[in-house]
Amino acid sequence: MHDVVLIPGDGIGPEITSAMRRVVEATGVGINWNVQEAGAGVIDEYGTPLPDHVLDAVRATGVAIKGPITTPVGTGFRSVNVALRRAFDLYACVRPCVSQPGDGSRYENVDLVIVRENTEDLYAGIEYDRGSEGASRLAEVIAASGQGPVREDAAISIKPISEAGSRRIVTYAFEYARANGRKKVTAVHKANIMKATDGLFLRVAREVAAGYPDIEFNDKIVDATCMGLVMNPDDFDVLVLPNLYGDIVSDLCAGLVGGLGMAPGANIGEQGAIFEATHGSAPDIAGKDIANPTAEILSAAMMLDHLGEHEAAGRIRAAVRATLAAGEKVTGDVRRALTGTAEGCVGTQAFADAVIEHL
Ligand code: NAI
């Protein structure tokens with residue numbers, strides 16, 4: 001029996017996590033689900049979107065799987081998703097993007113893995129609002145160092161990239177490549193412009209790469225990477241990126257394999273692992289039983305691998321593949337990509353039923 005915290009989240013989260021849970025239970029693997037709520041819906045009761053008892057539960061099991069949680073744009077509370085990753089120092093975000101027959105994408109045989117740094121960069125949340133004391137003091141420091149002027153009405157976000165943070169994520173990428181039979185690691189950056197931060201990331205990546213002569217290494221500027229991924233995804237194997245580029249390139253790569261409904265993910269560190277799809281809470285389709293639960297189901301397969309349940313993980317992947325390949329019971333996003341219309345598609349739960357039939 002494995003103890004796992006399940007955070008359903010909001011938006012499409014409850015629908016896709018219930019579909020995922022049914023598929024996992026159908027494998028016969030014993031999971032003791034500890035369901036915990038987080039997000040806007042718990043603020044009235046607990047005064048915070050991420051109550052301590054949720055953190056305690058994850059601390060106790062070390063393993064969680066979650067649905068997406070909505071983050072207000074521009075104002076309001078900071079991302080619960082980012083806070084969870086930071087609370088447990090889950091520094092490696094691993095997102096495999098693998099083509100499946102019938103996934104509705106324009107590509108075949110895409111097989112790459114994003115390894116995104118999860119704790120630093122512009123995502124660290126160090127920000128100063130327009131007109132704040134912090135922004136004006138920073139502007140003074142910047143001007144005094146001869147790098148200004150920063151306009152008086154500017155808001156400022158800080159991009160910390162450390163040597164230690166870069167070393168551990170690049171090392172993780174190489175270790176992942178070795179353990180998973182991958183041949184190449186590409187470090188993605190913008191070191192031509194951000195010479196201090198991305199320059200440090202690249203320098204450390206080159207140093208780490210020297211310790212892995214069995215794995216090919218190259219580096220690529222992030223804009224050229226985006227074009228390369230769209231033109232020739234076969235050129236890529238494992239990509240290691242700082243946090244923000246990793247966020248953006250993850251969605252691009254999801255688009256290579258059928259869209260956000262297809263792309264699973266894991267946040268991993270020394271203290272534990274939290275599994276979640278790449279996509280967000282998709283408020284535009286929430287509560288309608290039309291979301292594609294594939295990404296969440298494949299995230300559960302990654303979790304089962306993490307728990308040592310490799311046979312069940314493999315069965316889930318094969319069942320998802322078979323369901324998509326059969327093409328009869330697929331959700332609207334996939335059907336639309338394949339035929340131009342969602343007509344004849346099935347709902348979230350019916351798709352999960354089809355996966356369960358193929359287990
Ligand atoms: P999103 O990923 O929720 O949606 C983007 C588009 O993809 C939408 O058209 C949506 O309908 C579609 N989509 C996403 N998942 C799908 C699925 N499983 N099946 C079919 N279609 C799917 O991105 P958006 O709209 O920018 O963000 C919505 C909210 O989610 C925001 O509050 C954002 O902060 C949050 N978010 C949360 C994440 C997390 O919990 N880890 C990650 C990314 C965003």
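Among the residues of segment 228-263, what is the count of those that are part of a loop (DSSP other than H, G, I, E, B), out of contact with any strand residue (DSSP E or B) (no Cβ under 7 Å at 6 or more places or on another chain) and more than 8 Å from the ligand (Cβ to nearest atom)? If you could, list the steps in order and put the result at the bottom.
Within segment 228-263, the subset part of a loop (DSSP other than H, G, I, E, B) is 232, 236-237, 242, 257-259, 263.
Within this subset, residues satisfying the condition of being out of contact with any strand residue (DSSP E or B) (no Cβ under 7 Å at 6 or more places or on another chain) are 232, 258-259.
This time we only want the ones that are more than 8 Å from the ligand (Cβ to nearest atom), so: 232, 258.
Residues that pass the stated criteria total 2.
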Exercise. Would it be correct to say that ALA266 is closer than 18 Å to LYS66 by Cα and either over 12 Å from the mean Cα position of the chain (by Cα) or surrounded by 19 or more Cβ atoms within 10 Å (Cβ to Cβ) (or both)?
Worked result: yes
Exercise. Which pairs do you get when a residue that is under 21 Å from VAL257 (Cβ atoms), found in segment 282-300, comes within reach of a residue that is within 7 Å of the ligand (Cβ to nearest atom) and in a helix (DSSP H, G or I), reach meaning Cβ atoms under 6 angstrom, with the pair 6+ apart or on two chains?
Worked result: ALA291/ILE16; ALA291/ILE285; ASN292/GLY261; ASN292/ASP333; PRO293/ILE16; THR294/GLY261; ALA295/GLY261; GLU296/ILE16
Problem set entry | Qualifying position, being basic (Lys, Arg), out of contact with any strand residue (DSSP E or B) (no Cβ under 8 Å at 6 or more places or on another chain) and over 25 Å from MET194 (Cβ atoms), among ARG78, ARG86, ARG106, ARG59 | ARG106
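Yes/no per residue for (1) over 19 Å from the mean Cα position of the chain (by Cα); (2) buried (at least 19 other Cβ atoms within 10 Å of the Cβ); (3) among the polar types (S, T, N, Q):
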{"residue": "PHE275", "(1), (2), (3)": "no, yes, no"}
{"residue": "SER281", "(1), (2), (3)": "no, yes, yes"}
{"residue": "ASN292", "(1), (2), (3)": "no, yes, yes"}
{"residue": "ALA318", "(1), (2), (3)": "yes, no, no"}
{"residue": "ALA322", "(1), (2), (3)": "yes, no, no"}
{"residue": "GLY327", "(1), (2), (3)": "yes, no, no"}
{"residue": "THR341", "(1), (2), (3)": "yes, no, yes"}
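Tell me whether segment 130-144 contains one or more residues that are in contact (Cβ under 8 Å) with a residue 24 or more places away in the chain, more than 21 Å from the chain's Cα centre (by Cα) and under 24 Å from GLU216 (Cβ atoms).
Taking every residue of segment 130-144 in turn, none turns out to be in contact (Cβ under 8 Å) with a residue 24 or more places away in the chain, more than 21 Å from the chain's Cα centre (by Cα) and under 24 Å from GLU216 (Cβ atoms).
Applying the selection to segment 64-89, what residues are under 16 Å from the mean Cα position of the chain (by Cα) and of a type in the set (A, V, I, L, M)? Before you say what the answer is, go through the steps one by one.
In the first step, residues of segment 64-89 are kept if they are under 16 Å from the mean Cα position of the chain (by Cα); the result is 64-71, 79-86, 88-89.
The answer is ALA64, ILE65, ILE69, VAL80, VAL82, ALA83, LEU84.
With respect to GLY148, determine if the residue is closer than 30 Å to ASP129 by Cα and in the same structural domain as ASP129 (by TED's automatic domain parsing). Before the answer, list the steps.
On the way: closer than 30 Å to ASP129 by Cα: yes; in the same structural domain as ASP129 (by TED's automatic domain parsing): yes.
Yes, satisfied.
Could you tell me whether any residue of segment 194-217 is among the hydroxyl-bearing types (Ser, Thr, Tyr), surrounded by fewer than 18 Cβ atoms within 10 Å (Cβ to Cβ) and outside the structural domain of ARG335 (by TED's automatic domain parsing)?
If we filter segment 194-217 for residues that are among the hydroxyl-bearing types (Ser, Thr, Tyr), which is where we start, we get 197, 212.
Then drop every residue that is not surrounded by fewer than 18 Cβ atoms within 10 Å (Cβ to Cβ), which leaves 212.
Of the ones still in play, those that are also outside the structural domain of ARG335 (by TED's automatic domain parsing) are 212.
Yes, there is a match, as at least one residue in segment 194-217 is among the hydroxyl-bearing types (Ser, Thr, Tyr), surrounded by fewer than 18 Cβ atoms within 10 Å (Cβ to Cβ) and outside the structural domain of ARG335 (by TED's automatic domain parsing).
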Exercise. Taking ALA191, is it out of contact with any Lys or Arg (no Cβ under 6 Å at 6 or more places or on another chain) and crowded, with 16+ Cβ neighbours inside 10 Å?
Worked result: yes
For this session: Answer with yes or no whether ALA337 is touching a helix residue (DSSP H, G or I) at 6+ places or on another chain (Cβ under 7 Å) and at negative phi.
Result: no
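Just name the residue that is farthest from VAL24 (Cα to Cα) out of those in segment 51-83 that are aliphatic (A, V, I, L, M) and modelled with pLDDT under 95. Break it down stepwise before answering.
Initial filter on segment 51-83 (aliphatic (A, V, I, L, M)): 54-55, 57-58, 60, 63-65, 69, 73, 80, 82-83.
Next, from what is left, pick out any that are modelled with pLDDT under 95: 73, 80, 82-83.
Values: VAL73: 33, VAL80: 25, VAL82: 26, ALA83: 27 Å.
Among those that are aliphatic (A, V, I, L, M) and modelled with pLDDT under 95, it is VAL73.
The values are calculated or read from the model by the stated rules, or taken from the named source; none is laboratory data. Everything numeric here is computed off the predicted structure, so don't read it as measured data. All Cβ positions, even for glycine, are placed from backbone atoms using ideal geometry, and neighbour counts span all protein chains on display.
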